[in-house]
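> Have a look at the structure that comes next, please.
The numbers here are math on the coordinates, done by the rules we state, and not lab data. As the structure is a prediction and not an experimental result, all values here were calculated from the model. Ideal geometry is used to build each Cβ from the backbone, glycine not excepted, and the neighbour counts take in all protein chains shown.
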Amino acid sequence: MTFTVNSYAAFSKDTDLVPHKLERRDLAKDDVLIDITYTGICHSDVHEAHNDWGTANYPIIPGHEIVGVVSAIGDSVTKVKVGDCVAVGCLVDSCLKCGPCLADEEIFCVKVSTKTYNSPEPHFPGHLTAGGYSEKIVVRDHFVLQVPKELQAPELLPGVAPLLCAGITMHTPLTEHHASKGQKVGIVGLGGLGSMGVKLAVAIGAEVVVISRNHKKDSKAKELGASGVLASTSKEELEKHAGTFDLIIDTVPFDHDVNVYIPLLKNHKTLVVVGHVGPFVASPISSTGLIFGDRRIAGSCIGGIKGTQEVLDFCAKHKIISDHIVINMEEVNDAWKVIGDTASRYVIDIAKYRESNKKA
Ligand SMILES: [Zn+2]
Ligand SMILES: [Zn+2]
């Protein structure tokens, strides 16, 4: 038995998203049915749908920043109950038995980590997983997260959705590299990811400096709690900050010169890349800044389920949500065209979409 929900789907790399009747699997014993309330728009949604990474399988129903309400559970589910306010991030399945899974890093499952959309659907042969640009989603209980009470207020909830991708993506390198009170943390780029990174690092108690090409984002950076902006094109400013950072997280999602950031680090400290850039071609990475100072370059990929719950709990404690702009489902194609222009995350009002479909 399956059921049908309304969704928006991409059917090719160069066409708009269009309304689509999506078939979902019925609940297995460990499944949770969620009536989606809000879904955040992530830059990855656009990249996947446009096949920028060569991994697209159509149709694509994007969306991996999901909050909603549990409307049914399978017989063996104990993690959540009907009526709970819950969330789903970038992952919906993995083997739960291998080394990485047992280490709470389901994203690196050696068998297969199933992405929330555009992955083969292990419980629904012949189908692809389909994300939050839809009225409802069925998710294995392990991958469902609790939205803390403090974040459930109606005015906060849309800003919770982006925590499921942007939040965890920035939280993981901050914890992995032990960002702590009094340290100096650099955040390169002030888009959706960078903005979240600033808020989280400030809440940890770090001094946060935004590293940007120029000073256009000075006031935004300060508004988020950063002490200021370092313009990476200014030789003078680079010299002034040289050797002073405990950690730098680079969120730039395209090829760029990372060599300018390395000398900003103290000795033995790390530059973490979170943007999925592929090879750095424009400016090859030089060993000089790495060797003379024993500095490191590392990567970081989203995070596991335990870490995602931790970021939600951390954000509840520190009253952090993402800056956001709520839109209607019908506006999603327009939002995709301007997604890079703002540090605020676009969030789709799915509850409203579901209600309007009921009336239609
Ligand atoms: Zn994302
Ligand atoms: Zn595994």
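> Write down, largest first, the equivalent ellipsoid semi-axes of the stretch 242-281 in whole Å, where each equals the square root of 5 times an eigenvalue of the alpha-carbon gyration tensor. Mind dumping the intermediate values first?
Details: eigenvalues 78, 20, 10 Å².
Those come to 20, 10, 7 Å.
> Roughly what would the spin-label model give for Glu155 and Cys98, points 7 Å off Cα along C-beta, in nm?
4.6 nm
> Mind checking which lysines have their C-alpha under 20 Å from Lys359, skipping anything on the same chain fewer than 8 residues away?
Answer for Lys359, where 20 Å is the Cα cut-off: Lys21, Lys136, listed by chain and number.
> Still on this structure, I have one more. Normalised by the number of residues in the stretch 166-299, what is the relative contact order in percent for Cα pairs under 8 Å and 6+ residues apart? Each step should come with its number before you reach the end.
Values: 274 pairs, mean separation 27.8, N = 134.
Relative contact order of the stretch 166-299: 21 percent.
> With r defined as the distance between the Cβ atoms of Ile291 and Glu239 and R0 fixed at 25 Å, what FRET efficiency is calculated, to the nearest 0.05?
0.80
> Moving to a separate point now. Grab the eigenvalues of the alpha-carbon gyration tensor for the stretch 130-196, scale each by 5, take roots, and send me the semi-axes largest first in whole angstrom.
Values: eigenvalues 143, 41, 38 Å².
Its equivalent ellipsoid spans semi-axes of 27, 14, 14 Å.
> Which lysines have a Cα lying under 18 Å from the Cα of Lys13, excluding residues fewer than 8 positions away in the same chain?
Counting by Cα, and skipping residues close in sequence, Lys13 has these lysines nearby: Lys337.
> Let me test this: with uniform point scatterers at the alpha carbons of the stretch 166-299, what is the Debye-based log₁₀ I(q)/I(0) at q = 0.09, 0.13, 0.17, 0.19 1/Å?
Debye intensities relative to I(0), on a log10 scale: -0.21, -0.46, -0.83, -1.07.
> Ok, one more. Take every Cα pair under 8 Å in the chain that's 6+ residues apart, average their separations, divide by the length, and report that relative contact order as a whole percent. Present the calculation step by step, with values, prior to reporting the outcome.
On the way: 824 pairs, mean separation 62.9, N = 360.
About 17 percent, as a whole number.
> Can you tell me which of 81-89, 95-103 comes out highest on packing, and rank the rest after it, using the mean Cβ neighbours within 10 Å? Before the final figure, lay out the partial values.
Values: 81-89: 19.0, 95-103: 14.0.
Packing order, densest peptide first, comes out as 81-89, 95-103.
> Order these peptides, 132-140, 350-358, by their mean beta-carbon neighbour count within 10 angstrom, highest first.
Values: 132-140: 25.4, 350-358: 16.6.
So the peptides 132-140, 350-358, ranked by packing, come out 132-140, 350-358.
> As I understand it, the value is the acute angle between the Cα axis of helix 305-317 and the longest principal axis of the Cα atoms of the chain; what does it come to in degrees, rounded to 10?
The answer is roughly 70 degrees.
> Any chance you could tell me what percent of the C-alpha pair distances in the chain go past 35 Å? Walk me through the numbers on the way to the answer.
Details: 14843 of 64620 pairs.
The answer is 23 percent, as a whole percent.
> Output wanted: per-residue J couplings in Hz (rounded whole) for the stretch 43-60, from phi through Karplus 6.51 cos²θ - 1.76 cosθ + 1.60, θ = phi - 60°, x for Gly and Pro.
4, 4, 4, 5, 4, 5, 5, 8, 6, 5, 9, x, 10, 6, 10, 9, x, 9
> Provide the net charge surrounding Arg24, with neighbours chosen by a C-beta distance below 15 Å and charges set as Lys +1, Arg +1, Asp -1, Glu -1.
Details: positive: Lys21, Arg25, Lys136, Arg140, Arg354; negative: Glu23, Asp26, Asp31, Asp35, Asp93, Glu121, Glu135.
Result for the local shell: -2.
> Mind giving me the FRET efficiency for His127 and Ala28? R0 is 22 Å, r the Cβ-Cβ distance, nearest 0.05 is fine.
About 0.95, to the nearest 0.05.
> Hey, another quick one. Among Cys98, Tyr8, Asn118, which residue has its Cα furthest toward the positive end of the charge dipole of the chain, with +1 on Lys/Arg Cβ and -1 on Asp/Glu Cβ?
Result: Cys98.
> Another one. Aspartates and glutamates near Lys216 by alpha-carbon distance under 17 Å, same-chain residues fewer than 8 away left out - which ones?
Of all the aspartates and glutamates, those that pass the test against Lys216 - Cα under 17 Å, at least 8 places apart if same chain - are Glu237, Asp341.
> Post the alpha-carbon centroid distance, the stretch 240-314 to the stretch 62-89, in whole angstrom.
34 Å
> Then there is this: Longer than 23 Å from Cα to Cα, which of Lys222/Lys306; Lys149/Lys199; Lys199/Lys269 are they? Say none if no pair is.
Values: Lys222/Lys306 31 Å; Lys149/Lys199 20 Å; Lys199/Lys269 21 Å.
Checking Cα-Cα distances, Lys222/Lys306 exceed 23 Å.
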